[in-house]
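Participant: Submitted below is the structure of interest, expressed as structure tokens.
The values are calculated or read from the model by the stated rules, or taken from the named source; none is laboratory data. Note that the structure is a prediction, hence the values are computed from the model and not measured. FYI the Cβ positions are ideal-geometry reconstructions off the backbone, even for glycines, and counts take in every protein chain you see. Ligands, DNA and RNA are stripped out before the accessible areas are found, and what is left, the full protein with its side chains, is counted by its heavy atoms. Shrake-Rupley method; radii C 1.70, N 1.55, O 1.52, S 1.80 Å.
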Amino acid sequence: MSAEELRKKFLEFFKSKGHAVVPSSSLLPDDPSVLLTTAGMQQFKKYYTGEADAMRDFGSKNTASVQKSFRTSDIDEVGDDSHLTFFEMLGNFSFSGYFKKESIQYADEFITKELGVPISFVTIFGGTAEVPKDEESREIWKSLGISDIREMGMEDNFWGPTGNEGPCGPTTEIYCENKAGGRAEIWNVVFNEYYKKDGRLQKLKNSGVDTGMGLERLAMIVQNKKNIFETDLFSSLMEILPAEMDIKTKRIAADHSRAISFLVSDGVAPSNKEAGYVLRRLMRRLISYGTGKESQLFKEIVANYGGFYPELNLEKILPVFNQENEKFSRTLSSGIKELSKFQSIDAKAAFKLYESYGLPFEVIKEYEDGERAKNLTREAFEDEFRKHQEISRAGQEKKFGGHGLLLDTGELKAKDAEELKKVTRLHTATHLLQAALRKVLGDEVSQKGSDITSERTRFDFSFPRKLTPEEIKKVEELVNSVISEGFNVQVEEMDLEEAKKSGALYFFKEKYPSRVKVYSVGSFSKELCGGPHVPNTSEVGKFAIIKEEGIASGVRRIRAEVMP
Ligand code: ALA
């Protein structure tokens, strides 16, 4: 059965079970907490929480889709038998329609009856102190004649959320095997019973179902292949690539050219940040292989996939790729020459090569079979990258007059990455300080200014009298308790009016742009701000107030420090 038939069969099956078929959403999601769409459920997040009504929008509480998905986290795995960056995910979803019994029965019926493929074994959630073991799913599988039922923990059988927060829950997963020896986890059936926020699980009012089955892996099982690259989704691409190329590189080239085609067609352009940076890396790695077959690959992809994805557009893909090719080809050979001078390459040197010649991590890592970059890790490289971005961002903020782009008075001062790290910790501490002052002293406290160096934060606020030692101690303790709770610092972009209405604190003297960022720490603190902040309060360190004094009538000043 061809992949095209599989897509059709899947959607028709779920349509016959009362599901509304919903088109794939773009690879560029609405959800600002993720870079790219990683799962079918992403476009449906609001339906699980009840913020949106599936009945009204789809005429059914149940939906099914074939979703374009992209997982940056799998990029180092590409080249093996089953991992990809871009992939297609078949999924059925229910928003308080059906739950475990029906979703397991549907999955079993589709795999064993519709496709005639036996299930090798399934896994269920084994339970933790917080989330009970999923005995219900075990009983349902047993009733369907499946006897190999394995228990797995949080790591394997608890899914989600995507991004910082969202629906998530225990899963049951289906594993299959074919005669050729191909084997894979093909279907992940998630029971969205929880909502994760600030690291905590809250029970959702209504339970939902979210399933995902990789089309490529399913095709491998059904088409009796040993790996996904032998299926009809890839075989013609593999044939285009030069026969003498090693198999792993061929697979990477096939994966990346597919990903590039879909990303560009969804409007991503190569750049040095976010989704554009992901695309640039894929393109440059492909270019570095020097196959000269890129246009042919793109043509084949559009021919092969364009029927199902009409947005695929060769007239968009080719010029974007050619432009990047031209740009990168100019520096590629000098970059490689420079790279060849190193006997062994560390993260700092690798970043320098990226900065000067545009060589992405993957190209450096793969050079001469990875011999010279044996000790180079992606984490260390990304650390260098992040430091650099923080420095340039801080530089920009200084130019705009300090404390983020949004505040007029007060300043973030850092002259290098080290200082910036401290300033960032102090900046988050300053948000916590303002929130704590308001909790201890009352809402009359409002910001009058702030000034942050790598040594200390200085925060001015309205209050009519000197603080008592007890009040200072209380504020300090409150800030430290929030720090030790380890809350994630969340950032959301929104319209200014919406931000103000949300109750976020803002500095009334400041003129804000119409789109602003709102940083929040649990329900403790919420402020309009340009950042940067630490990702989690646990990184702030120990907070201490050094001095409290009056600087004008009705205005107090606090100096505070943080220790590692
Ligand atoms: N959302 C689940 C996954 O991506 C189904 O595996």
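Participant: Which numbered condition trips up GLY181, out of (1) more than 9 Å from the ligand (Cβ to nearest atom); (2) closer than 30 Å to ASN536 by Cβ; (3) surrounded by fewer than 24 Cβ atoms within 10 Å (Cβ to Cβ)?
Facilitator: Failed condition: (2).
Participant: Okay, moving on. If you check LEU84 against the conditions, is it in contact with a helix residue (DSSP H, G or I) (Cβ under 7 Å, 6 or more places away or on another chain), assigned by TED's automatic domain parsing to the domain that holds PRO167 and of a type outside the set (S, T, N, Q)?
Facilitator: yes
Participant: For the structure I just gave you, tell me whether SER33 is in contact (Cβ under 8 Å) with a residue 12 or more places away in the chain, surrounded by fewer than 19 Cβ atoms within 10 Å (Cβ to Cβ) and either touching an Asp or Glu at 6+ places or on another chain (Cβ under 8 Å) or charged (D, E, K, R) (or both).
Facilitator: Taking the combined requirement at face value, the residue satisfies it.
Participant: Now, a different point. Out of (1) touching a residue at least 24 places away in the same chain (Cβ under 8 Å); (2) surrounded by fewer than 24 Cβ atoms within 10 Å (Cβ to Cβ); (3) farther than 25 Å from MET494 by Cα, the odd one out for ARG56 is which?
Facilitator: (1)
Participant: Within 26 Å of the chain's Cα centre (by Cα) and modelled with pLDDT of 95 or more: does that describe GLU51?
Facilitator: Criteria not met by GLU51.
Participant: Which residues, taken from the range 36-53, are open to solvent by 10 Å² or more (accessible area, probe 1.4 Å), touching a residue at least 40 places away in the same chain (Cβ under 8 Å) and out of contact with any Leu (no Cβ under 8 Å at 6 or more places or on another chain)?
Facilitator: THR38, GLN42, LYS45, TYR47, GLY50
Participant: Suppose we filter THR123, THR171 for residues that are hydroxyl-bearing (Ser, Thr, Tyr), within 21 Å of VAL222 (Cα to Cα) and buried (at least 20 other Cβ atoms within 10 Å of the Cβ); which single one remains?
Facilitator: THR123
Participant: Of the residues TYR512, TYR519, which single one is closer than 30 Å to GLU419 by Cβ and either outside the structural domain of ARG425 (by TED's automatic domain parsing) or surrounded by 21 or more Cβ atoms within 10 Å (Cβ to Cβ) (or both)?
Facilitator: Exactly one of TYR512, TYR519 is closer than 30 Å to GLU419 by Cβ and either outside the structural domain of ARG425 (by TED's automatic domain parsing) or surrounded by 21 or more Cβ atoms within 10 Å (Cβ to Cβ) (or both), namely TYR519.
Participant: While we're looking at this one, here's another question. Out of the range 365-378, which residues are open to solvent by less than 30 Å² (accessible area, probe 1.4 Å) and either modelled with pLDDT of 95 or more or not in a helix (DSSP H, G or I) (or both)?
Facilitator: Matches in the range 365-378: ALA373, LEU376.
Participant: Okay, next question. Mind counting the residues in the range 534-564 that are open to solvent by less than 30 Å² (accessible area, probe 1.4 Å) and touching a helix residue (DSSP H, G or I) at 6+ places or on another chain (Cβ under 8 Å)?
Facilitator: Within the range 534-564, residues that are open to solvent by less than 30 Å² (accessible area, probe 1.4 Å) and touching a helix residue (DSSP H, G or I) at 6+ places or on another chain (Cβ under 8 Å) number 11.
Participant: Go through the range 185-209 and count every residue that is open to solvent by 10 Å² or more (accessible area, probe 1.4 Å) and within 16 Å of the ligand (Cβ to nearest atom).
Facilitator: Adding up the residues that qualify gives 8.
Participant: Of the conditions (1) more than 27 Å from the chain's Cα centre (by Cα); (2) within 30 Å of THR377 (Cβ to Cβ), LEU115 clears all except one; give me its number.
Facilitator: All conditions pass for LEU115, except number (2).
Participant: Additional query: Return the residue satisfying two criteria in turn: it lies in the range 25-59 and is part of a helix (DSSP H, G or I) and out of contact with any Gly (no Cβ under 9 Å at 6 or more places or on another chain), and of such residues it is nearest to the ligand (Cβ to nearest atom).
Facilitator: This residue is GLN43.
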